[in-house]
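> Dropping a structure here in C-alpha coordinates format, bear with me for questions.
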Amino acid sequence: QVQLVESGGGLVQAGDSLRLTCAASGRTLSQYFMGWFRQAPGKEREIVAYNTWSGSFTSYADSVKGRFTISGDNAKKMVYLRMNNLKPEDTAVYYCALSSVASARESDYPYWGQGTQVTVSS
(Lines give C-alpha, C1' and ligand atoms only; values in the text may rest on other atoms or scores of the structure.)
Protein backbone atom coordinates (compact mmCIF):
# COMPACT_ATOMS: atom_id res chain seq x y z
CA GLN A 1 0.00 0.00 0.00
CA VAL A 2 1.22 3.48 -0.85
CA GLN A 3 0.40 6.59 1.17
CA LEU A 4 1.06 10.16 0.09
CA VAL A 5 0.99 13.30 2.23
CA GLU A 6 1.42 16.77 0.73
CA SER A 7 2.63 19.89 2.51
CA GLY A 8 3.98 23.33 1.71
CA GLY A 9 0.90 25.11 0.47
CA GLY A 10 -0.13 28.55 1.66
CA LEU A 11 -1.15 32.08 0.81
CA VAL A 12 1.34 34.04 -1.27
CA GLN A 13 1.40 37.08 -3.53
CA ALA A 14 1.75 37.04 -7.28
CA GLY A 15 5.38 36.61 -8.27
CA ASP A 16 6.28 34.65 -5.14
CA SER A 17 7.58 31.10 -5.00
CA LEU A 18 6.53 27.98 -3.10
CA ARG A 19 7.83 24.45 -2.87
CA LEU A 20 5.31 21.69 -2.34
CA THR A 21 6.46 18.44 -0.80
CA CYS A 22 4.89 15.02 -1.02
CA ALA A 23 6.03 12.38 1.46
CA ALA A 24 5.50 8.85 0.19
CA SER A 25 5.44 5.65 2.18
CA GLY A 26 4.90 2.05 1.31
CA ARG A 27 6.33 -0.33 -1.21
CA THR A 28 9.26 0.34 -3.53
CA LEU A 29 8.49 3.59 -5.28
CA SER A 30 11.05 3.54 -8.08
CA GLN A 31 8.63 1.59 -10.25
CA TYR A 32 6.15 4.47 -10.25
CA PHE A 33 5.77 7.72 -12.13
CA MET A 34 5.18 10.82 -10.03
CA GLY A 35 2.53 13.37 -10.85
CA TRP A 36 1.23 16.68 -9.53
CA PHE A 37 -2.34 17.69 -10.28
CA ARG A 38 -4.39 20.69 -9.22
CA GLN A 39 -8.04 21.58 -8.91
CA ALA A 40 -9.24 25.16 -8.89
CA PRO A 41 -12.68 26.11 -7.52
CA GLY A 42 -15.39 25.16 -9.95
CA LYS A 43 -12.99 23.44 -12.31
CA GLU A 44 -11.95 19.88 -13.03
CA ARG A 45 -8.70 18.49 -11.71
CA GLU A 46 -5.87 18.92 -14.20
CA ILE A 47 -2.33 17.66 -14.64
CA VAL A 48 0.46 20.02 -13.69
CA ALA A 49 3.54 17.85 -14.23
CA TYR A 50 4.73 14.27 -14.11
CA ASN A 51 8.05 12.49 -14.35
CA THR A 52 10.14 9.49 -13.43
CA TRP A 53 12.08 9.33 -10.17
CA SER A 54 15.31 9.56 -12.14
CA GLY A 55 14.12 12.65 -13.97
CA SER A 56 14.84 11.01 -17.31
CA PHE A 57 11.34 11.84 -18.46
CA THR A 58 9.43 14.96 -17.48
CA SER A 59 6.32 16.63 -18.82
CA TYR A 60 4.62 19.88 -17.87
CA ALA A 61 1.31 21.52 -18.61
CA ASP A 62 1.76 24.47 -20.96
CA SER A 63 0.43 26.83 -18.31
CA VAL A 64 3.33 26.09 -15.93
CA LYS A 65 6.25 25.44 -18.29
CA GLY A 66 9.27 27.49 -17.33
CA ARG A 67 7.82 28.29 -13.90
CA PHE A 68 7.29 24.93 -12.18
CA THR A 69 9.76 22.10 -11.63
CA ILE A 70 8.90 18.57 -10.54
CA SER A 71 11.54 16.44 -8.89
CA GLY A 72 11.87 13.44 -6.64
CA ASP A 73 14.23 11.84 -4.18
CA ASN A 74 13.72 8.11 -4.23
CA ALA A 75 15.97 7.52 -1.22
CA LYS A 76 13.94 9.94 0.89
CA LYS A 77 10.65 8.96 -0.76
CA MET A 78 9.86 12.59 -1.39
CA VAL A 79 8.30 14.31 -4.41
CA TYR A 80 8.65 18.04 -4.89
CA LEU A 81 7.00 20.73 -6.95
CA ARG A 82 8.92 23.97 -7.09
CA MET A 83 6.64 26.81 -8.20
CA ASN A 84 8.16 30.14 -9.23
CA ASN A 85 6.54 33.35 -10.42
CA LEU A 86 3.16 32.28 -9.12
CA LYS A 87 0.05 33.79 -10.65
CA PRO A 88 -3.49 34.18 -9.28
CA GLU A 89 -4.64 31.57 -11.80
CA ASP A 90 -2.37 29.04 -10.06
CA THR A 91 -4.71 29.14 -7.07
CA ALA A 92 -5.92 25.57 -6.49
CA VAL A 93 -5.67 22.52 -4.31
CA TYR A 94 -2.55 20.65 -5.37
CA TYR A 95 -2.34 16.86 -5.22
CA CYS A 96 0.56 14.49 -5.69
CA ALA A 97 -0.11 11.09 -7.18
CA LEU A 98 1.70 7.93 -8.28
CA SER A 99 1.10 5.85 -11.36
CA SER A 100 2.63 2.75 -12.91
CA VAL A 101 2.55 4.47 -16.32
CA ALA A 102 3.71 7.83 -17.64
CA SER A 103 0.39 9.57 -18.05
CA ALA A 104 -1.37 12.91 -17.79
CA ARG A 105 -4.70 11.20 -17.17
CA GLU A 106 -6.10 11.34 -13.68
CA SER A 107 -7.62 7.89 -14.09
CA ASP A 108 -4.16 6.32 -14.48
CA TYR A 109 -3.14 7.32 -10.97
CA PRO A 110 -4.35 4.91 -8.25
CA TYR A 111 -2.51 6.60 -5.37
CA TRP A 112 -3.32 10.15 -4.21
CA GLY A 113 -2.50 12.49 -1.39
CA GLN A 114 -5.10 14.55 0.42
CA GLY A 115 -4.10 17.81 -1.25
CA THR A 116 -2.62 21.11 -0.12
CA GLN A 117 -4.14 24.55 -0.79
CA VAL A 118 -2.20 27.14 -2.72
CA THR A 119 -3.69 30.63 -2.89
CA VAL A 120 -2.05 33.38 -4.92
CA SER A 121 -3.26 36.94 -4.39
CA SER A 122 -2.87 39.64 -6.99
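The values are calculated or read from the model by the stated rules, or taken from the named source; none is laboratory data. Bear in mind that the values here come from a model prediction, so they are computed numbers and not experimental data. With ideal geometry, Cβ positions are generated from the backbone for all residues, glycine too; neighbour counts draw on all protein chains shown. Ligands, DNA and RNA are excluded from the accessible area calculation, which covers all protein heavy atoms including side chains. Shrake-Rupley method; radii C 1.70, N 1.55, O 1.52, S 1.80 Å.
> Could you tell me the calculated FRET efficiency between residue 27 and residue 85, based on Cβ-Cβ distance and R0 = 30 angstrom, to the nearest 0.05?
Numbers: r = 36 Å, r/R0 = 1.20.
So, using R0 = 30 Å, E works out to roughly 0.25.
> Given points 7 Å out from each Cα along the Cα-Cβ axis, report the residue 101 to residue 13 separation in nanometres with one decimal.
4.5 nm
> Give me the percent relative contact order of the chain, please, defined on Cα pairs under 8 angstrom at least 6 residues apart. Intermediate results must be reported in sequence, preceding the final value.
On the way: 310 pairs, mean separation 43.5, N = 122.
Relative contact order comes out at 36 percent.
> Still on this structure, please answer the following. Restrict the search to the stretch 1-87; then list the trypsin sites (Lys or Arg not before Pro) that DSSP places in a loop and that have at most 14 other Cβ atoms within 10 Å of their Cβ.
Those satisfying the criteria are 27, 43, 65, 76.
> Please arrange 101, 93, 120 by accessible surface area, largest first, computed with a 1.4 Å probe and ligands excluded. Could the numbers behind the result be given before it?
On the way: 101 65, 93 35, 120 10 Å².
Result, largest first: 101, 93, 120.
> At a Förster distance of 25 Å, what's the computed FRET efficiency of residue 46 paired with residue 5, Cβ-Cβ distance as r, to 0.05?
Numbers: r = 21 Å, r/R0 = 0.85.
Calculated transfer efficiency: 0.70.
> Now a separate question. Keeping the other protein chains in place, figure out the carbon and sulfur percent of the accessible area of the chain, with a 1.4 Å probe. Provide the component values of the computation, followed by the final result.
Working: 2790 of 6130 Å².
Percent of accessible area from carbon and sulfur atoms in the chain: 46.
> Could you list the chymotrypsin sites (Phe, Trp or Tyr not before Pro) in the stretch 16-61 that lie in coil according to DSSP, counting only those with at most 12 other Cβ atoms within 10 Å of their Cβ? Before the final figure, lay out the partial values.
Numbers: sites: 32, 33, 36, 37, 50, 53, 57, 60; in loops: 32, 53, 57.
The qualifying sites are 57.
> Size of the chain along its principal axes in angstrom, Cα-based, largest extent first?
Ordered largest first, the chain gives principal extents of 41, 27, 23 Å.
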